[in-house]
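A.B. asks: Structure in C-alpha cells, see below.
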Amino acid sequence: MGVATAASMPVAERIWRRFTPEQRFTRFVVYLVIVASIVLSIRSVEVIPEFLADAPEQVVDLLKRMWPIDWPHYPDTVHAALMETIHIASLGTLLALVLALPVGILAAHNLVPFVPINLLAKLILVSSRSVNSLVWALLFVGIFGPGALAGTLAIGFRSIGFVGKLFGEALEESQIGPIEALKAAGSPWRSVLAYGYWPQVKPSFWSIALFRWDINVRESAVLGLVGAGGIGMALDSALNLFQWDRVALILFAIFAVVILAEIVVTQVRKRVI
Amino acid sequence: MNTVAALPADPFQRSVWPRVAAVALLVYVIYAAAQMEISWERVQTGLYNAQRFFGRLFPPNFSRWELLAKGLVESLEIAVLASTLGILLALPIGLAAARNLMPPWVTWPARLIIVMARSFHPVIVAILFVKAVGFGALAGILALTVASVGFIGKLFTEAIEEISLKQVEAVRATGAPFASVLWFGVLPQVFSRFIGFATYQLDSNLRNSTMVGIVGAGGIGGTLFAAFQRFDYDFVCAILISIISLIMIGEVLATAVRRIFIEHATVADLFRAGGAASRERHLEDD
Amino acid sequence: MLSLRGLSKSYVRGKPVLTDINLEIAARGITAIIGPSGTGKSTLIRCINRLVEPTAGEILFDGEDLTKLSGTALRHARRHIGMVFQEYNLVERLTVMENLLSGRLGYVSSWQAWRRKFPREDLRKAYELLDVVGLSGFANRRADALSGGQRQRVGIARAVMQEPRLLLADEPTSSLDPKTSVEIMQLLADVGRAREIPVLINMHDVELAKRFADRIVGMSEGRVIFDGPPPQLDDDMLKRIYGGENWLQ
C-alpha cells in the first residue's frame, strides 16, 4: 500500500510519503470535484439581495409576533394532535420493523446466498430510503385520503429502508463460528436463524428500533403539512392564518415531545441494551 | 444431581418480562389504531383507490424535463452548499462542545446550540427561514445548514470525547502548541469517523433538499408539490424516479469517497469488485 | 466406517491444498492428524462434514458417499457427525443449556426449537452430559461468562448431544493453556471410548498427540506421509513432517 520497503532502497532515495502516487491522484480528483461543485453552486444559486437585506427586520418581526406564546389554546387544538403524532410515529415504526425483518434477511448474502434476491431486496431498501417521508405521505394521502392512516403508512414505508439496511449490516457482521457449528450439527436453516443469528443481532435490532422511533417522532410532526395527520396539520392551519403565536406554541410542543422521546430512548437504552 | 423425575419445570429460566412487554405492545397497537380511526374498511377502500392511483402514475411523463432538470440541479446545489457550510460550522462548534478538551463555560453553550439545531425537522426550520429571507434556495440552504450542524456537531463531539487522551498527552509532552496538539493528537483519531458522517450528512442533505421545496425553500420539492396539487400524477412519477436515481447516485459517490479516504483506495481499486471477502474461508492461510 | 478416497482440495486452481488423500478410519479409536500450519489438516477435517467442499474424491461414511449429498440429505448425515472447534463456536449470548440443546436442532422442528420445547429425553441427556463434562450446575450460565476450558467442555457436550457416530475435532486445544489442554484431550478420549465412536482430531501439539492418540497421521504439503501408532513416530519422521532442523532438541 505505501512505499517500497525501506531496506531495499538506497539511503538517498528513502523519502517518506504518506500515499502512493495513485492514491494522491485519486484524492486530488475528489478534492477537485468538491471544490468545483461548491464554486459552481455558489455562482448559480439565486439570492435576491433585497430579501437578504430585509432578513434581520423580518426575523425581529417574526419573533415579536410569536410572543406571547398562545398557551391557553393548547388543550383544545394542540394536545390531541400531539398524541396523534406520537401514535403515528410508534405504529409506523412497528410496521417498519415487521416488514424490514424479512427484507433485511433476504438482503444479507451470508443468509440468503442468491445474488439476484439480495439485489432485489437491497433495491427495495434503497428505494424506501430514497423517498422522503413527506413524499411517501403525499403518495399515501393520494391513495387513502388525508389523515393519520396515510401518515402511519408513510412513516412505516420510509423506515423499512433504514431498519432493513442497518439490520442487514448487523446480520452480515455476525460471527460465523457459531453458525458453522449449528450447520455442522445438521440444523435446518430456520433454526440456524433462530439460534445462531438472532441472539447475535438482538441488541443491534432493538438499538436500531429505538433509534428509528426517535427519528420518526421528529418526522411525524411535519407530515401534517401535506395532510397526513398529526400536529403538522395544526401547524399548517396556523401558518396559513398567520397565527404566529400559535405557531410558536406548536413549535414549542414539538420541541418538548422530541426532548421527551430522547430521554425515553436514553433510559431504555441504559436498562435494556 | 437431576434424576429423570426431577427435571426443573423451566430448564431455560426465561424471564417473564419479554412476554409482558409483547402483550403491552399489542394492547397499545389496538388502542392507537382505534384512536386514529384506522379500520380495515378504510384500508380496503384505500387499496381500491391505489389501483386507480397507480394507473395514473404510469407511464411517467418526462416531457417537462427542463423544469425537472432545473429543480434537480437546484436541489443538488442546496445540498452541496448546506453541507459545506454545515461542516465548516460544525467543526469548531463540535470541538467547543467536547467536554474532555474544553471548560464547561465553553461546552454548555456549544452543546445547547447543537441540541437546538437537531431538535427541529429541517422542513420546520425551512418554514422559518422562508419567512426570514424569502422564498428560494437560500432558505433551503440555511435550513439544511442548521440540520447539518446539529448532526455533524453531535457526532463530531462524541468522536472527540471517545479519543484516547494518552495520544493527546504524548503530543502535548513534546511541547507542541495547542493547534499542533489538535492536528497531530486529536484529529487523526477522529478523521475517518468524520469522513463517515460527513458523507452521510451530504447524502441526507441531498434527500432533504429534494423536499424543502414543498414549503418554498427551493429545489425540486416545489415542482413535485405543484404537480401533485394539479393531479399531474404522471409528471409526479417522473420526478420521483429522478429523485430516487439522484439519491442512489449520491450514495454510490458517498461510498466511493469513504473508500478513498478511509481505506486509501485508488481509482483502480474502486472499479475492482467491491471488497466482499471470498465466501470460502482459506483455512490454511494463517 | 469412514473412508477417504482420493480426496483433493484446491482453493485456488493449480495450487492444491490436499492431494489424493486416502484414509480408512476404523469404528473405534482416537486418531490424531498432525503437521505444520498450512498443510491442509483443517481442510481435511472440514471436508468430511463438507463445511469445505472437496474438489475431488469420495468420502464414504457408513457406506454413504457424503460428497454426493445435498440439502436435507446432507443435513441428516451431518447429524451423525459431531464437531468440536478451536474457537468453541458457542452462541455467546445463549445459556449453556441452550447451547447444549442446539446439538439437537437437526432433530426438532424450528418452531419447537424457537419455543424451547425440546423432548424430555433430550433435557435429561443434557443434564447427564453436564455432569459428564464436569459442568453440573452451569446449565443457566451464559456462554460468554465461561472460561475457555469450560466453553470447550460445552462444545464437546453439544457435539455428544447429537449422539454422533463420528466425532471430529479441529484444533480443539489450540486456544487453551497446557493444563486445560490435557483435560480437554482426556475428555475427548473418554467420550470416544465410552460411546465407542471414532474420534478424529486435528492438532499441532505433537506431545499431546502421542499421549492420547491410538493412531497418528502425519501430513506434509497436502499429503499423508506418516500413518501409524505413536511409538513409530520418531524424530526423523517428525523432521520430515515439519521440515526444518533446529526445532527438535
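Read the figures in this text as sums done on the coordinates, not as results from a lab. Given the structure is predicted, the values throughout are model-derived calculations rather than measurements. So basically every Cβ, Gly included, is an ideal-geometry build from the backbone, and we count neighbours across all protein chains shown.
A.B. asks: When the chain is fully extended, how far beyond the present Cα-Cα distance does C:R193 get from C:R141, taking 0.36 nm per residue of separation?
C.D. replies: 15.9 nm
A.B. asks: Which shape class, rounded, prolate or oblate, goes with chain A when its Cα gyration tensor gives a ≥ b ≥ c as root eigenvalues, a/c under 1.5 marks rounded, and past that a/b bigger than b/c marks prolate?
C.D. replies: It comes out oblate by the Cα gyration axes.
A.B. asks: I've got another one for you. Taking each residue in B:67-76, count the Cβ atoms of any other chain within 10 Å of its Cβ, then average. What number comes out?
C.D. replies: Mean partner-chain Cβ count within 10 Å for B:67-76: 1.
A.B. asks: With both partners inside chain C, how many of the DSSP beta bridges are antiparallel, as a percent to the nearest 5?
C.D. replies: The antiparallel fraction comes to roughly 55 percent.
A.B. asks: At what distance in nm do the modelled label points of C:S174 and A:K64 sit from each other, each positioned 7 Å from its Cα along Cα→Cβ?
C.D. replies: That separation, rounded to one decimal, is 7.9 nm.
A.B. asks: Where the centre of each part is set by its Cα atoms, how far does segment C:1-73 sit from segment C:158-217, in angstrom?
C.D. replies: Taking the Cα centre of segment C:158-217 as reference, the centre of segment C:1-73 is 18 Å away.
A.B. asks: Just C:G106, C:G82, C:G38 to compare: in a GNM of chain C, with alpha carbon springs under 10 Å, which one fluctuates most?
C.D. replies: C:G38
A.B. asks: Run the simple label-point estimate for C:D20 and A:A53 please: 7 Å along Cα→C-beta, distance reported in nm.
C.D. replies: Computed distance between label sites C:D20 and A:A53 equals 9.4 nm.
A.B. asks: Order of A:96-106, B:200-210, B:63-73 by packing, highest average Cβ count within 10 Å first?
C.D. replies: With the highest mean Cβ count within 10 Å placed first, the list reads B:200-210, A:96-106, B:63-73.
A.B. asks: Please report the base-10 log of the normalised intensity I(q)/I(0) for chain C, using a Debye sum with one equal scatterer per alpha carbon and no solvent, at each q in 0.08, 0.14 (1/Å).
C.D. replies: Evaluating at q = 0.08, 0.14 Å⁻¹ gives log10 I(q)/I(0) of -0.31, -0.95.
A.B. asks: Here's another thing I want to ask about it. Which whole-number value in Å³ per residue fits the convex hull of the alpha carbons of segment B:1-149?
C.D. replies: 331 Å³
A.B. asks: In a Debye calculation with equal point scatterers on the alpha-carbon sites of the protein assembly as shown and no solvent, what is log10 I(q)/I(0) at q = 0.07, 0.11 Å⁻¹?
C.D. replies: -0.70, -1.27
A.B. asks: Determine the relative contact order of chain A: mean sequence separation of Cα pairs under 8 Å and six or more apart, normalised by residue count, in whole percent.
C.D. replies: RCO, chain A: 23 percent.
A.B. asks: Expected output is a single nm value to one decimal: the length gained when fully extending between A:E172 and A:Y74, i.e. 0.36 nm times separation in residues minus the C-alpha distance. What is it?
C.D. replies: Using 0.36 nm per residue and subtracting the Cα-Cα distance, I get 30.5 nm.
A.B. asks: Mind giving me the nanometre distance, one decimal, between the label points for A:R18 and C:E207, set 7 Å out from Cα along Cα→Cβ?
C.D. replies: Output for this residue pair reads 5.0 nm.
A.B. asks: Of all the C-alpha pairs in chain B, what % are more than 28 Å from each other?
C.D. replies: Value for chain B (Cα pairs over 28 Å): 61 percent.
A.B. asks: Connecting C-alpha atoms closer than 10 Å in a GNM of chain C, tell me which of C:F118, C:F61, C:F85 has the biggest fluctuation.
C.D. replies: C:F118
A.B. asks: Go ahead and set up a Gaussian network model of chain A, Cα springs under 10 Å, then flag whichever of A:V60, A:V226, A:V78 fluctuates most.
C.D. replies: A:V60
A.B. asks: Right, something else. Students often get this wrong, so check it: of A:K122/A:K183; C:K9/C:K210; C:K9/C:K68, which have C-alpha atoms separated by over 18 Å?
C.D. replies: Pairs exceeding the cut-off: A:K122/A:K183; C:K9/C:K210.
A.B. asks: When DSSP beta bridges are limited to those with both residues in the protein assembly as shown, what percentage is antiparallel, rounded to the nearest 5?
C.D. replies: Among the beta bridges of the protein assembly as shown, antiparallel pairing accounts for roughly 55 percent.
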